[in-house]
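Have a look at the structure below, then the notes.
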Amino acid sequence: MASSTAVSGHRYVRSKPYPKHKVDTLNELVEDLQRYETIMLIDLKELPNRVLKEYRYLLRGNSKIKVVKGTLIKIAMEKAYGGVSDEVAQLLRGEIGLLFTNENPFELNRFIARNGVRRFAKDGDIAQFELTIPAGNTGINPGPVLSRFGKMKVPTQIKDGKIWVAKDTVVAKAGDKISADLADILRLLNIKPVFESIRIKAAIVRGKYVIRGEELMPNAEEYRKLIEASAAQAYNLAVNAVYPLPELMPVYIRKAVAESINLAVNALIFTEESAAPILAKAEAQANALASAIASKAPELGIQVSTPQQAQPANPATEEKKEEAEEKKEEKGEEEALGGLSSLFG
């Protein structure tokens, strides 16, 4: 492999081939980029090597971690993907490592966050959660350390030549700064209250799609709302397109039945389902026609029936109402016959 650069009008040509180990590293990177769908960029700044080593162990199997220079990563990406976008090129700057994976980057980032590497606290660390020194035998011999327990307001007593904590005692709340004395006590008690994890700068999917580190841990409630909205949109799209899905068949059947009954009613096709709507429609049209005629020819004595809400029956007056209705019907019939006779002479 040779390299050439134009300098002041002259073209520099590398006379010696690149070292074999660099060529092998580059070829391995290209193979990994083609083999794995996603690469996650790890921020190595101030990251202890033991943390990186622990995650190498945790992620073994379907994922692997490599530490290489950003310039070499860029060259490998150009070979594997045919080019590198400006956004990706910016992310390759600084101290970074590569996490190759075929796992879902969101799920993998959650796994990384939940499996931090524990360590002892140091002076100036921030408590990540409430710290409690439990009651019981500390296994520590009495001595100057008792004054440190006193500073922390941890009640102690001496039993069997050892320091005992009298009761569970909260020594720091989440967000508090850990002092040197507290760090020493926690170390003596073998309590490791600090969790460290690798920090993901971004995930690059298939060399094109970039997911920033802060986007890899979405708010659960917002994520739920997005899923619900997407499901509703997919449902509406499928229904409007009449896409044949087993879940939607009952919807299509109900819609088809309603449209069939509507068609039968409009076409006056009598079926068991359409008979009642057709008769109701005919009655409504007849009442509308009768109402129009009655207003223009009152001498016909046409009575227009209007739907009325049913009233509770009164047994005491039920017979009187029936008699009155019968007389009213008889009178209406006589008037109607008289009106018809006047029309036909």
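The values are calculated or read from the model by the stated rules, or taken from the named source; none is laboratory data. Being a predicted model, the structure only gives us computed values, none of them experimental. Cβ atoms come from the backbone with ideal geometry, glycine included; neighbour counts cover every protein chain shown. We work out accessible area using only protein heavy atoms, side chains counted, and drop any ligands, DNA or RNA first. Shrake-Rupley method; radii C 1.70, N 1.55, O 1.52, S 1.80 Å.
Look at Arg254 and say whether it is among the basic types (Lys, Arg), assigned by the TED database to the domain that holds Leu92 and open to solvent by 80 Å² or more (accessible area, probe 1.4 Å).
When the stated conditions are applied, Arg254 does not pass them.
Only one of (1) free of Cβ contacts under 8 Å to residues at least 60 places away in the same chain; (2) open to solvent by less than 60 Å² (accessible area, probe 1.4 Å); (3) out of contact with any strand residue (DSSP E or B) (no Cβ under 7 Å at 6 or more places or on another chain) fails for Ala183. Which number is that?
The failed condition is (1).
Show the residue pairs that are 6+ apart or on different chains and have beta-carbon atoms under 6 Å apart, the first residue being within the range 41-68 and part of a strand (DSSP E or B), the second being basic (Lys, Arg).
Listed pairs, sorted by first residue: Leu41/Lys201; Asp43/Arg199; Asp43/Lys201; Ile65/Arg56.
So which residues in the range 97-117 are out of contact with any strand residue (DSSP E or B) (no Cβ under 6 Å at 6 or more places or on another chain) and either more than 16 Å from Gly61 (Cβ to Cβ) or part of a strand (DSSP E or B) (or both), if there are any at all?
Phe106, Arg110, Ala113, Arg114
State whether one or more residues within the range 211-218 are assigned to a helix (DSSP H, G or I), surrounded by fewer than 11 Cβ atoms within 10 Å (Cβ to Cβ) and on the phi < 0 side of the Ramachandran plot.
First, pick out the residues of the range 211-218 that are assigned to a helix (DSSP H, G or I): 213-216.
Right, trim to surrounded by fewer than 11 Cβ atoms within 10 Å (Cβ to Cβ) and you get 214.
Checking the rest, the ones that are also on the phi < 0 side of the Ramachandran plot come to 214.
Checked the range 211-218: at least one residue is assigned to a helix (DSSP H, G or I), surrounded by fewer than 11 Cβ atoms within 10 Å (Cβ to Cβ) and on the phi < 0 side of the Ramachandran plot.
Looking only at the range 131-160, how many residues end up being assigned to a loop (DSSP other than H, G, I, E, B), over 18 Å from Phe120 (Cβ atoms) and in contact with an Asp or Glu (Cβ under 7 Å, 6 or more places away or on another chain)?
Result for the range 131-160: 1.
Would it be correct to say that Ile163 is outside any loop (DSSP other than H, G, I, E, B), surrounded by 13 or more Cβ atoms within 10 Å (Cβ to Cβ) and not polar (S, T, N, Q)?
Considered against the rule, which asks whether it is outside any loop (DSSP other than H, G, I, E, B), surrounded by 13 or more Cβ atoms within 10 Å (Cβ to Cβ) and not polar (S, T, N, Q), Ile163 comes out as yes.
Check off (1) more than 17 Å from Lys208 (Cα to Cα); (2) open to solvent by 60 Å² or more (accessible area, probe 1.4 Å); (3) under 29 Å from the mean Cα position of the chain (by Cα); (4) touching a residue at least 40 places away in the same chain (Cβ under 8 Å) for Asn102 and give me the number that stays unchecked.
Asn102 satisfies every listed condition except (1).
Of the residues Ile302, Ile293, Ile261, which single one is modelled with pLDDT of 85 or more and either more than 54 Å from the chain's Cα centre (by Cα) or in a helix (DSSP H, G or I) (or both)?
Criteria check complete, one pass: Ile261.
For residues in the range 106-133 being among the polar types (S, T, N, Q) and open to solvent by 30 Å² or more (accessible area, probe 1.4 Å), which is farthest from Phe149 (Cα to Cα)?
Among those that are among the polar types (S, T, N, Q) and open to solvent by 30 Å² or more (accessible area, probe 1.4 Å), it is Asn115.
Against the condition part of a helix (DSSP H, G or I) and at pLDDT 90 or above, how does Ala203 come out, does it pass?
Judged against the criteria, Ala203 is not a match.
Condition first: open to solvent by 80 Å² or more (accessible area, probe 1.4 Å) and touching a strand residue (DSSP E or B) at 6+ places or on another chain (Cβ under 8 Å). Now tell me which residues in the range 85-96 satisfy that.
Passing the criteria: Glu87, Glu95.
Cβ-Cβ under 9 Å, sequence separation 6+ or interchain: first residue in the range 16-32 and open to solvent by less than 70 Å² (accessible area, probe 1.4 Å), partner among the charged types (D, E, K, R) and assigned to a helix (DSSP H, G or I). Which pairs?
So the pair list comes out as Leu26/Lys79; Leu29/Lys79; Val30/Lys79.
Which one of these does Ile191 not meet: (1) open to solvent by less than 80 Å² (accessible area, probe 1.4 Å); (2) in a strand (DSSP E or B)?
(2)
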